[in-house]
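What follows is a short report on a single structure.
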Amino acid sequence: GKKVLIVYAHQEPKSFNGSLLKIAVEELTKQGCSVTVSDLYAMQFEPRATRNDIVGHLHNSEAFNYGVETWEAYKRGGLSKDLVEEQKKVQEADLLIFQFPLFWFSMPAILKGWMDRVLVQGFAYDLSKAYDGGLLQDKLSLFSFTTGGSQEMYSNEGICGDMHYVLWPMQHGIMHFCGVKVLEPHICYAPENVSEEKRKEMLTAWTQRLKTLWKEEPIDCSPEWYFK
Ligand code: FAD
Ligand code: ZN
């Protein structure tokens, strides 16, 4: 079976995000996948990129450079235990699912901190090993998130602007940079503001999508129209 890592960022199991997580765990397990969940708030995951991420001596203790220090620490096996554990989960996974509520057109800080700290140089990318040459090849990723705003608000003419501009930093800036292929995002718009019936519909749609997930082709997360 395939291995799936779900990186989950919501404080409340009874939330809509909690329900989406539960569905993914159940459906993928039913398919014979082995599913691991990093429940970031429950783990009290440290989002800050600091000196504490390096065990032992610093490469340059005169002037701290987080990127250089974590790169050097990775090479000598000197990253803190929580990072090593997350990197092991990423290394083993065929698919990374990120499940979270949209915060300020982006991911919650605790999840951004996971990206900042886990995707270290030498592990996820390296000198001239980025984008199609990134180090985490043969993996898939999927951003599954909820919003406060409606789908109309996130259209080209809408007040929030096209959702593709929200997706760009996550899909192209992070996953593609590390060589990870990107599946179509899964967006549940405004679960707080729709009817109970519509909420159930959205949850069913997620279950249905997961049933044929492994047949999906990765998307082009950097189509030309972005640059025009
Ligand atoms: P919840 O409130 O947990 O769920 C909605 C409803 O679904 C609840 O009534 C819940 O009981 C119900 N529910 C849960 N499970 C089930 C089930 N199994 N069946 C039926 N009903 C169920 N939004 C934007 O659009 N853009 C932003 O930039 C943005 N920035 C934000 C920044 C911050 C700091 C915060 C706090 C919010 C922001 N939001 C933004 C809004 C945010 O994205 C939404 O509040 C969030 O996505 C809603 O998801 P939830 O899981 O928390 O919903
Ligand atoms: Zn891309």
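Using the per-residue mean of other Cβ atoms lying within 10 Å as a proxy for protection, in what order, highest first, do the peptides 141-153, 31-43 fall?
141-153, 31-43
Provide the net charge surrounding LEU95, with neighbours chosen by a C-beta distance below 10 Å and charges set as Lys +1, Arg +1, Asp -1, Glu -1.
Here the count lands on +3.
222 nm [θ] for the chain, helices only, -39500 (n - 2.57) per DSSP H run of 4+, per residue, to 500? Can you show the working numbers first?
Details: 6 runs with 68 residues, N = 228.
Result for the chain, helices only: -9000 deg cm²/dmol.
Explain nothing, just compute: Karplus ³J(HN,Hα) = 6.51 cos²θ - 1.76 cosθ + 1.60, θ = phi - 60°, for every residue of region 3-20 in order, whole Hz, x for Gly and Pro.
10, 10, 10, 9, 9, 10, 10, 9, 6, 10, x, 7, 6, 5, 4, x, 5, 5
State to the nearest 20 debye the size of the charge dipole of the chain about its Cα centre, where the only charges are +1 on K and R beta carbons and -1 on D and E beta carbons.
520 debye
Could you tell me the distance between the Cα centroids of region 1-45 and region 101-160, to the nearest Å?
17 Å
Do any GluC sites (Glu not before Pro) in region 24-123 lie in a DSSP loop with no more than 14 other beta carbon atoms within 10 Å, and if so, which?
Counting only loop positions with at most 14 other Cβ atoms within 10 Å, the GluC sites (Glu not before Pro) in region 24-123 are GLU62.
What is the sum of charges around ALA109, taking Lys and Arg as +1, Asp and Glu as -1, for the other residues whose C-beta is under 13 Å from the C-beta of ALA109?
+1
Leaving out same-chain residues fewer than 8 places away, which aspartates and glutamates sit with a Cα under 16 Å from that of LYS22?
Within reach: GLU12, ASP39, GLU201.
Can you sort PHE103, PHE16 by solvent-accessible area, 1.4 Å probe, largest first?
Sorted descending by solvent-accessible area, the residues read PHE103, PHE16.
Using the structure shown, list the pairs from LYS112/LYS211; LYS2/LYS30; LYS139/LYS211; LYS14/LYS181; LYS3/LYS198; LYS14/LYS200 with a Cα-Cα distance above 23 Å, or answer none.
LYS112/LYS211; LYS14/LYS181; LYS3/LYS198
Please work out how much accessible surface ILE174 shows to a 1.4 Å probe, ignoring ligands, DNA and RNA, in Å² rounded to 10.
Solvent-accessible area, nearest 10 Å²: 30 Å².
Please give the helix 196-211 orientation as an angle from the longest Cα principal axis of the chain, in degrees from 0 to 90, rounded to the nearest 10.
Helix 196-211 sits roughly 60 degrees off the main axis of the chain.
Can you give me the C-alpha center-to-center distance between region 46-99 and region 162-179, rounded to a whole angstrom?
Spelled out, the Cα-based centre of one part sits 22 Å from the other.
For TYR165, tell me the accessible area in Å² from a 1.4 Å probe, rounded to the nearest 10.
For TYR165, solvent-accessible area is about 120 Å².
Percent relative contact order of region 115-166, based on C-alpha pairs within less than 8 angstrom and at least six residues apart? Present the calculation step by step, with values, prior to reporting the outcome.
On the way: 25 pairs, mean separation 8.6, N = 52.
This gives 16 percent for region 115-166.
Below 9 angstrom from the Cβ of GLU46, what's the summed charge of the other residues (Lys, Arg +1; Asp, Glu -1)?
Spelling it out: positives minus negatives among the neighbours equals 0.
The values are calculated or read from the model by the stated rules, or taken from the named source; none is laboratory data. If you're wondering where the values come from, they're calculated on a predicted model, not measured in any experiment. Note: ideal-geometry Cβ built from the backbone for every residue, glycine included; neighbour counts use all protein chains shown. Surface areas here come from the heavy atoms of the whole protein model, side chains and all, with no ligands, DNA or RNA. Shrake-Rupley method; radii C 1.70, N 1.55, O 1.52, S 1.80 Å.
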